[in-house]
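Asks: One structure coming up, written as structure tokens, with questions to follow.
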Amino acid sequence: MRMEGEVMDALLVVDLQADFMPGGALGVPDGDRVIGPLNRCLDSFARRGLPVFASRDWHPAGHCSFRERGGPWPAHCVAGTPGAAFVPGLRLPPGTPVVSKAADPEREAYSAFDGTGLEALLRRARVGRLFLGGLATEYCVLYTGRDALRLGFQPAVLEGAVAAISAPDGERALAELAAQGAVLLDSEEVAGWKEALRS
């Protein structure tokens with residue numbers, strides 16, 4: 001049972017969208033392998049009535065990050081298109097709050113906190129520790145973790161539930177977050193609700 005004033009754990013699913021799957025417009029190698037671990041964590045959080053949130057890229061057509069505008073990325077996750085949809089089979093609980101980022105055509109935004117209102121949602125839910133899983137480790141997961149630390153949340157990255165565009169860059173991102181105070185956890189321990197989650 002949730003006690004009045006209790007600081008909560010929450011899970012944030014970062015950008016698990018079709019265009020980031022292998023074969024998508026900006027596919028993350030092995031990005032699809034995170035779906036199973038994240039679903040098991042989602043089920044565990046839902047069983048215990050703990051809050052779950054999700055972020056998504058929600059670009060307008062012609063976003064400044066697209067190559068057609070001189071940016072580094074192919075067009076991807078254009079708002080309202082199939083590529084911007086969450087991946088089929090992702091078991092987000094009904095009513096999961098979803099924050100949309102990089103919706104300004106002239107601004108890139110990797111962090112799920114960047115202009116989305118996520119901080120206010122987490123404060124209202126009295127979230128202290130924020131479990132992170134999703135894509136891609138060295139971009140949106142890293143920037144979200146950095147902002148979580150800066151804002152006073154305790155990020156816990158689910159190592160089996162993140163994937164990187166570049167494996168070495170992903171490893172560096174995790175090392176950076178750990179050095180700054182984030183916790184790296186085994187996603188299967190969290191899914192099983194073992195001591196890693198309650199400590």
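Values in this text are rule-based calculations from the coordinates and carry no lab data. Since the model is a prediction, treat every value here as computed from it, not as a measurement. Please note: Cβ atoms are built from the backbone with ideal geometry, for glycine as well, and neighbour counts cover all protein chains shown.
Asks: Please specify each residue of the stretch 143-171 satisfying the condition of being out of contact with any strand residue (DSSP E or B) (no Cβ under 9 Å at 6 or more places or on another chain) and within 22 Å of PRO22 (Cβ to Cβ).
Replies: Selection gives SER166, ALA167, PRO168, ASP169, GLU171.
Asks: Which one is surrounded by the most Cβ atoms within 10 Å (Cβ to Cβ), of the residues in the stretch 86-138 that are among the hydroxyl-bearing types (Ser, Thr, Tyr) and out of contact with any helix residue (DSSP H, G or I) (no Cβ under 8 Å at 6 or more places or on another chain)?
Replies: Out of the qualifying residues, it is THR116.
Asks: While we're on this one: Among the residues of the stretch 52-84, write down those that are within 29 Å of ASP186 (Cα to Cα), surrounded by 21 or more Cβ atoms within 10 Å (Cβ to Cβ) and in contact with a Pro (Cβ under 8 Å, 6 or more places away or on another chain).
Replies: PHE53, ALA54
Asks: Moving on. If you go through the stretch 184-193, how many residues are touching a residue at least 40 places away in the same chain (Cβ under 8 Å) and not hydroxyl-bearing (Ser, Thr, Tyr)?
Replies: Residues in the stretch 184-193 being touching a residue at least 40 places away in the same chain (Cβ under 8 Å) and not hydroxyl-bearing (Ser, Thr, Tyr): 6 in total.
Asks: Related question: Could you list, in sequence order, all residues of the stretch 59-73 that are in contact (Cβ under 8 Å) with a residue 12 or more places away in the chain, in a loop (DSSP other than H, G, I, E, B) and over 10 Å from PRO105 (Cα atoms)?
Replies: GLY71
Asks: Residues to consider are PRO51, PRO82, PRO74, PRO88; find the one that is more than 13 Å from the chain's Cα centre (by Cα) and within 20 Å of ILE165 (Cα to Cα).
Replies: Answer to the selection: PRO74.
Asks: Which one is surrounded by the most Cβ atoms within 10 Å (Cβ to Cβ) among residues in the stretch 3-50 that are of a type in the set (Gly, Ala, Ser) and farther than 21 Å from CYS77 by Cβ?
Replies: The residue in question is ALA10.
Asks: Looking at the stretch 139-166 only, could you name the residues that are touching a residue at least 40 places away in the same chain (Cβ under 8 Å) and either among the aromatic types (Phe, Trp, Tyr) or more than 14 Å from ALA182 (Cα to Cα) (or both)?
Replies: Result: CYS140, GLY160, ALA161, VAL162, ALA163, ALA164, ILE165.
Asks: Hey, can you tell me all the residues within the stretch 33-58 that are within 21 Å of TYR110 (Cβ to Cβ), of a type outside the set (Val, Ile, Thr) and in a helix (DSSP H, G or I)?
Replies: LEU38 - this is the single residue of the stretch 33-58 that is within 21 Å of TYR110 (Cβ to Cβ), of a type outside the set (Val, Ile, Thr) and in a helix (DSSP H, G or I).
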